[in-house]
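Worksheet for the structure shown next.
The values are calculated or read from the model by the stated rules, or taken from the named source; none is laboratory data. Everything numeric here is computed off the predicted structure, so don't read it as measured data. Backbone-built Cβ (ideal geometry, glycine too); neighbour counts: all protein chains shown.
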Amino acid sequence: MDRDAVREKSLARYKQERDWFALLREATKLLPGEEGRLQEKLLTILLDSKETVVDCVENEKSFIAGYFCNAPELFHAMDLPWYMLMETPFLAASAPYLLSDIEGAENMGIGTDLCTAIRLPIYYIENGLMPVPSAVLGLLYPCDGAPMLHQVLEHNKAWKDVPIYSCDPPYTSDERAVEYFADELRRMADFLQKHTGKTLDMEKLVEVCEESNKSYTLWQDYNELRRNVPCPHGWEIGGAQAFAISQCFVAGDPRCTDWFRQLYKCGELKIQEGKGASATEGWKEKIRLFWFDIMPYGWIFELMPWLEEEWGAVIVMDMFSNFPYTLIDTSSEKTIFHGLAKRNLLDAPMIRQARGTAENFSNDIGRIVKDYKIDCVIWPGHMGHKDGAATTGIMRETCRELAVPFLHIGLDLFDRRYTNPEEVRTKVSEYFRGMGLG
Amino acid sequence: MIVGGVDVGSATGKAVVMKDGEIIGSDMIAATTRPQETARLVMEAAVRQAGLSSIDHLDNIIGTGYGRLKVPFAQENVSEISCHARGAHWLAPSTRTVVDIGGQDCKVISVSEKGTVLNFAMNDRCAAGTGRFFEAMARVLYCGLEGISALENQGEEPCIISNQCSVFAESEVVTLVNEGTELPSIIAGINISVASRLHSMVRRVGLVEDLVLTGGCSKNDGLARALAAKLDIKIERLPQDPQLAGAVGAALIAAEKAG
Amino acid sequence: METDIKSEAFRKFLEASESIMNPEVRAWKDQGRGVVGFFCSTVPEELFTAAGLLPFRMRGTGSTSTELSDAYFSPINCSFPRHTFNQALRGEYDFLDGLVCINSCDHVRRIYDNWIRALKTPFVQVMSLPRKVGEPQIDWYYDELNILRGQLEEHFGVQLTDQRIAEAIGLQNQVRGLQKQLYLLRKADKPPITGAETLAVMVAGTAMPKQRYKELLTELLEELGEKQGSRDYRARLMLLGGELDDPAYIEIIEKQGGLVVTDSSCFGSRLMWASVDEAEPDPIRALARYYIHDRPSCPRMYGLQPQRIAFTREMAREFRVDGIIGERLLFCDQWVVENYMTELDLKEDEIPFMALDREYILSGEGQLRTRVQAFLETLEARGN
């Protein structure tokens, strides 16, 4: 295949995703209220970033593949467009092509017990369906799957010559670990400057960090609103979008701060009006849930709305909505990198829980249950979370001590065939009924 | 030279007698609880059919299949993978991929021009994609295995059975029956479900045409059609009973090793 | 295990590989000496030896169920930690005076968290193993080792001088050398020792006092030096994989006629193909460099797949291997992806390769036999 054809193929899935989200954006225009406008704005920013990447590929401009926990403040300060290798499963939102992609991954013969969010990028990379960037920032944590994915990337003939750098993750979480990671980030910044032709201007970095501090402060404030009974927002708006906007697209950008400002206002208004998550006539919030993972993006519409409507069960907090991002002290290069290291090693969601020892699970549960008046903790039990699976005993014990019900489901967040939505609903209903919830 | 091949499976025992490269006798019986017994009975029957008086007249016998270690009168045993490859290839020399759907396992074998094994994948850990799955479904539908073949109607819109585990798929099918879904539609869904499983295995091993089906379940036309549709190819039917492919392969190998 | 090896040493090795507690450990404990368990071959045994302790590599040998550990782990967790932890919950590891865990993989690292909550072993530590293998990572691990050294000194009341550590390194290097000699015997057309027997010898090396093991292994090598091997095999195989500590698994492969003549595995060549640099004046630095960088890696270490496949190819060539079997424990993310890449690489080399999934406790013998038999038949057909 000639170069143009290879390039076109590598963008095929990416463009398909872009088109899918363009469709969703049209749908959000029909959503009522300010929340609808927030969704629309998020999708506009998302599409904008996707168009930028497409433009970079088609016009051979610099861009990278990176992650939300690779200090995206740095890319933003360097004006470096980027995308995430695991974007597809995380953004899937029940996309129609997801299942055939998962089947494609299966047909490659890689064990079906490997996390679907890892198999999908492997499938895309090995089949030339991922845009090849100027440089790659790999991910070696929190789980075993992440480094293996990047090993495949390095092994792949089309990606072999693309420079790649990955930060090494310490297992501990003390000052020594943060300092070590800060040095890894410094090396990462050097790497980016070397291979993308962009420079890191410290003043710009200060600006970006300070802006991100504003965004995250607003996010914290917004999260406090969700402590309210009833919770002003449900699964539809809140953490997932907040995470996307601040991590994947506009870290340290005024558009992000604006968006959070809007989000906060929406929440505040809802509280003033005494309204809960659902606009359905006569609806009442009955069960406050802590969904301890990302949403089941592969089939989200088949579970989340049902939880709210059928059971009055609101996901007050989930794994990605809650991370108390420490504010960065921008007084010096040292404090900035220290702050970035803390954020990306200790605060980032999923990283925070899965990377180190199990207190990260039990502490989170303890904090959230108390602060958000949680009625039931759900460990969805995604098939890729092997360390989490080995922590279920500890989570159960923690919940027992807190006298809060704990439900372990066992599913695939992306593949609806693993435990189909009907079965999940049945399991949840039986549990709620058995525990006298709602 | 007269040789024999006996394939002792979980559900059936098959035997073939060959003389100078031609099949002169064969038989298939339901498996007894003792593999040695099954082997002896079916081999004796095949020998009789060949017009011979005793197993002793055979110059060499190879045993294969799940019970291959329990065939005392066989000189050697060879894996059913090699035997199915050889057998299917001899029956249809254009064979390059064999999909064997047996009683309790299924396999995909990539076959060379000479009929030797290049690569293979097996599922012998669960019922999905095997005769056991169909048996379970036949029970739930009260239609018997023949019913599964007979009742499928090509025009029906197949329903979707999403469960990969046959135990859970049973519950899914019961629900469909209770909801009043038409039987042909359910059966079409079952066939597609099994075909999906096999499709995945074929892709993993790598599809090279011609692809042939062997094993008891291959006689299910609906399944064959579903698999052909998934792979977007034409599946050729073996000229002889596809359940005998393993035994044929064993006999061929017996001839090779003796000659 | 059926064996024609006569030496008493081998009988002791076999015994050690078939159980958790063995007479050598019993005798050691009876003398009032300490035993420290550890997971993963990147934990430097030399430090325990230097502290006068017996380093014991953790296994779930003899486990028949996970009834107790099921309350802590899930069905999608690897059977190795589930069975090992189950044995611990049953009291099989009550003899431990300490345990050092490490973040080797998602499943095993949680043994640390569950162990400290469920069991009373004194001195349980967890180490932080880097993923990368560059200089900053060697520096990090250097610090980790010094931290462990301090912890051992404090808890066990010993002085871990550079001298003592250097001596322990010397002893372990000698053991490595002897084990390598054992492997080199298998290059022969008629190897005097099978793969299953070799694994028993290697596992025993992680389950008895080092000095004692060295003496016994020397004795065994004497017998093997004289012993006539057999040419009665269908193919020479290399075994590629991780946590395989059960000789019975290899026995099944070898019963089909596939003689395992070499490996890259967690209780195999990776333990001893390279040695710790004794010329390095700082023994902790020598250990850090060895465990992070110098020894053959497993897929847990990032960026080294090209070196690993080169090692595999070199082994296959040196030992005149006909085919390679890559085994992995179900639910292992690291090995399943490694096998995927290995398969692609070996296909280019036209070296026959078969990937096998397994459970930690041997099961599905019939299935294993069928696959191995088919693989051997394929190898033979190639030869024609």
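Exactly one condition in (1) more than 30 Å from residue B:257 (Cα to Cα); (2) under 20 Å from the mean Cα position of the chain (by Cα); (3) within 14 Å of chain B (Cβ to nearest Cβ) is not met by residue C:355; state its number.
(1)
Checking residue C:222 against (1) part of a helix (DSSP H, G or I); (2) at pLDDT below 95; (3) of a type outside the set (A, V, I, L, M), which test does it fail?
Failed condition: (2).
Inspect all residues belonging to region B:32-50 and state whether any of them is among the small types (Gly, Ala, Ser) and in contact with a Lys or Arg (Cβ under 8 Å, 6 or more places away or on another chain).
yes
Just the residues that are aliphatic (A, V, I, L, M), in contact with a helix residue (DSSP H, G or I) (Cβ under 7 Å, 6 or more places away or on another chain) and not in a strand (DSSP E or B), please, taken from region C:92-117.
If the condition is that a residue be aliphatic (A, V, I, L, M), in contact with a helix residue (DSSP H, G or I) (Cβ under 7 Å, 6 or more places away or on another chain) and not in a strand (DSSP E or B), then C:108, C:111 are the ones that fit.
Give the number of residues within region C:43-91 that are buried (at least 19 other Cβ atoms within 10 Å of the Cβ), part of a loop (DSSP other than H, G, I, E, B) and in contact (Cβ under 8 Å) with a residue 60 or more places away in the chain.
The qualifying residues number 11.
Can you work out which of the residues in region A:237-256 that are at pLDDT below 85 and touching an Asp or Glu at 6+ places or on another chain (Cβ under 6 Å) is surrounded by the fewest Cβ atoms within 10 Å (Cβ to Cβ)?
A:251
Looking only at region A:130-149, which residues are within 22 Å of residue C:335 (Cα to Cα), more than 7 Å from every other protein chain (Cβ to nearest Cβ) and not in a strand (DSSP E or B)?
So in region A:130-149, the residues within 22 Å of residue C:335 (Cα to Cα) come out as A:138-149.
When the remaining residues are screened for being more than 7 Å from every other protein chain (Cβ to nearest Cβ), the result is A:138-139, A:141-142, A:146, A:149.
Within region A:130-149, A:139, A:141, A:142, A:146, A:149 qualify.
Would you be able to tell me the number of residues in region C:118-138 that are without any contact (Cβ under 8 Å) to a residue 60 or more places away in the chain, part of a helix (DSSP H, G or I) and either charged (D, E, K, R) or in contact with a Lys or Arg (Cβ under 7 Å, 6 or more places away or on another chain) (or both)?
Number of matching residues: 1.
Hey, could you check region B:188-206 for residues that are within 12 Å of chain A (Cβ to nearest Cβ) and among the small types (Gly, Ala, Ser) and say which is farthest from residue B:158 (Cα to Cα)?
That would be B:206.
Residue by residue through region C:146-164, note down the ones that are within 14 Å of another protein chain (Cβ to nearest Cβ) and surrounded by 14 or more Cβ atoms within 10 Å (Cβ to Cβ). Explain how you work it out, then say what you get.
Initially, region C:146-164 is screened for residues within 14 Å of another protein chain (Cβ to nearest Cβ), giving C:146-148, C:150-151.
Within region C:146-164, C:146, C:147, C:148, C:151 qualify.
Please verify whether residue C:115 is among the hydrophobic types (A, V, I, L, M, F, W, C), over 18 Å from residue C:20 (Cα atoms), surrounded by 20 or more Cβ atoms within 10 Å (Cβ to Cβ) and within 12 Å of chain A (Cβ to nearest Cβ), treating the condition exactly as stated. Explain how you work it out, then say what you get.
On the way: among the hydrophobic types (A, V, I, L, M, F, W, C): yes; over 18 Å from residue C:20 (Cα atoms): no; surrounded by 20 or more Cβ atoms within 10 Å (Cβ to Cβ): yes; within 12 Å of chain A (Cβ to nearest Cβ): yes.
Spelling it out, it is not the case that residue C:115 is among the hydrophobic types (A, V, I, L, M, F, W, C), over 18 Å from residue C:20 (Cα atoms), surrounded by 20 or more Cβ atoms within 10 Å (Cβ to Cβ) and within 12 Å of chain A (Cβ to nearest Cβ).
Which ones in region B:168-198 are within 23 Å of residue A:424 (Cβ to Cβ) and of a type in the set (D, E, K, R)?
Within region B:168-198, B:170, B:172, B:179, B:197 meet the criteria.
Which of the numbered conditions does residue A:103 fail, given that it passes all the others? Conditions: (1) touching a Leu at 6+ places or on another chain (Cβ under 7 Å); (2) within 14 Å of chain B (Cβ to nearest Cβ).
Only one criterion is unmet by residue A:103, namely (1).
Pull up region A:166-188, narrow it to residues that are more than 7 Å from chain C (Cβ to nearest Cβ) and part of a loop (DSSP other than H, G, I, E, B), then point me to the one that is surrounded by the most Cβ atoms within 10 Å (Cβ to Cβ).
This residue is A:167.
Of all residues in region C:365-384, how many are of a type in the set (D, E, K, R), in contact (Cβ under 8 Å) with a residue 24 or more places away in the chain and within 18 Å of residue C:321 (Cβ to Cβ)? Walk me through it before giving the result.
Pass one, region C:365-384, residues of a type in the set (D, E, K, R): C:365, C:369, C:371, C:377, C:380, C:382.
From what's left, in contact (Cβ under 8 Å) with a residue 24 or more places away in the chain: C:365, C:369, C:380, C:382.
This time we only want the ones that are within 18 Å of residue C:321 (Cβ to Cβ), so: C:380, C:382.
Going through region C:365-384 one residue at a time, the tally reaches 2.
Taking interchain pairs and intrachain pairs at least six residues apart, which have beta carbon atoms under 6 angstrom, with the first residue in region A:404-417 and on the phi > 0 side of the Ramachandran plot and within 13 Å of chain B (Cβ to nearest Cβ) and the second crowded, with 21+ Cβ neighbours inside 10 Å and small (Gly, Ala, Ser)?
Partner pairs satisfying both residue conditions: A:410/A:381.
Look through region C:95-112, keep the residues that are over 16 Å from residue C:43 (Cβ atoms) and buried (at least 22 other Cβ atoms within 10 Å of the Cβ), and return whichever of them is farthest from the other protein chains (Cβ to nearest Cβ). Please lay out each step first, then the result.
Taking region C:95-112 first, the residues over 16 Å from residue C:43 (Cβ atoms) are C:95, C:106-107, C:110.
Still in the running and buried (at least 22 other Cβ atoms within 10 Å of the Cβ): C:106-107, C:110.
Values: C:106: 4, C:107: 6, C:110: 4 Å.
Among them, the one singled out is C:107.
Look through C:301, C:315, C:272 and report the one residue that is more than 14 Å from chain A (Cβ to nearest Cβ) and either surrounded by fewer than 20 Cβ atoms within 10 Å (Cβ to Cβ) or out of contact with any helix residue (DSSP H, G or I) (no Cβ under 6 Å at 6 or more places or on another chain) (or both).
Details: C:301 fails: more than 14 Å from chain A (Cβ to nearest Cβ); C:272 fails: either surrounded by fewer than 20 Cβ atoms within 10 Å (Cβ to Cβ) or out of contact with any helix residue (DSSP H, G or I) (no Cβ under 6 Å at 6 or more places or on another chain) (or both).
Of the residues listed, the single one that is more than 14 Å from chain A (Cβ to nearest Cβ) and either surrounded by fewer than 20 Cβ atoms within 10 Å (Cβ to Cβ) or out of contact with any helix residue (DSSP H, G or I) (no Cβ under 6 Å at 6 or more places or on another chain) (or both) is C:315.
Checking the conditions here, which among B:202, B:212, B:194 is under 21 Å from residue B:109 (Cβ atoms), outside any loop (DSSP other than H, G, I, E, B) and in contact with a Phe, Trp or Tyr (Cβ under 8 Å, 6 or more places away or on another chain)? I'd like the intermediate steps shown before the answer.
Values: B:202 fails: in contact with a Phe, Trp or Tyr (Cβ under 8 Å, 6 or more places away or on another chain); B:212 fails: in contact with a Phe, Trp or Tyr (Cβ under 8 Å, 6 or more places away or on another chain).
One residue alone meets the criteria, B:194.
Of the conditions (1) more than 10 Å from chain B (Cβ to nearest Cβ); (2) under 28 Å from residue C:190 (Cα atoms); (3) without any contact (Cβ under 8 Å) to a residue 40 or more places away in the chain; (4) touching an Asp or Glu at 6+ places or on another chain (Cβ under 8 Å), residue C:326 satisfies every one except a single condition; which number is it?
(3)
Hey, residue C:285 hits all of (1) in contact with a strand residue (DSSP E or B) (Cβ under 9 Å, 6 or more places away or on another chain); (2) surrounded by fewer than 19 Cβ atoms within 10 Å (Cβ to Cβ); (3) among the basic types (Lys, Arg) but one; which does it fall short on?
Only one criterion is unmet by residue C:285, namely (1).
Out of region C:161-190, which residues are within 19 Å of residue C:262 (Cβ to Cβ) and among the basic types (Lys, Arg)?
C:176, C:180, C:186, C:187, C:190
Out of all the residues in region A:382-403, which are crowded, with 21+ Cβ neighbours inside 10 Å and part of a loop (DSSP other than H, G, I, E, B)?
Across region A:382-403, the qualifying residues are A:383, A:384, A:385, A:390, A:391.
What number of residues in region C:1-48 are closer than 16 Å to residue C:211 by Cα and in contact with a strand residue (DSSP E or B) (Cβ under 6 Å, 6 or more places away or on another chain)?
Residues that pass the stated criteria total 4.
So in region A:12-35, with the set limited to residues that are farther than 21 Å from residue A:97 by Cβ and modelled with pLDDT under 90, which one is surrounded by the most Cβ atoms within 10 Å (Cβ to Cβ)?
Among those that are farther than 21 Å from residue A:97 by Cβ and modelled with pLDDT under 90, it is A:35.
If we scan region B:197-211, do we find a residue that is buried (at least 21 other Cβ atoms within 10 Å of the Cβ), over 29 Å from residue A:420 (Cβ atoms) and in contact (Cβ under 8 Å) with a residue 24 or more places away in the chain?
yes
For region A:5-114, please list each of the helices (runs of 4 or more DSSP H) lying entirely inside it that holds at least 2 residues being in contact with a Ser or Thr (Cβ under 7 Å, 6 or more places away or on another chain).
A:33-58, A:98-106
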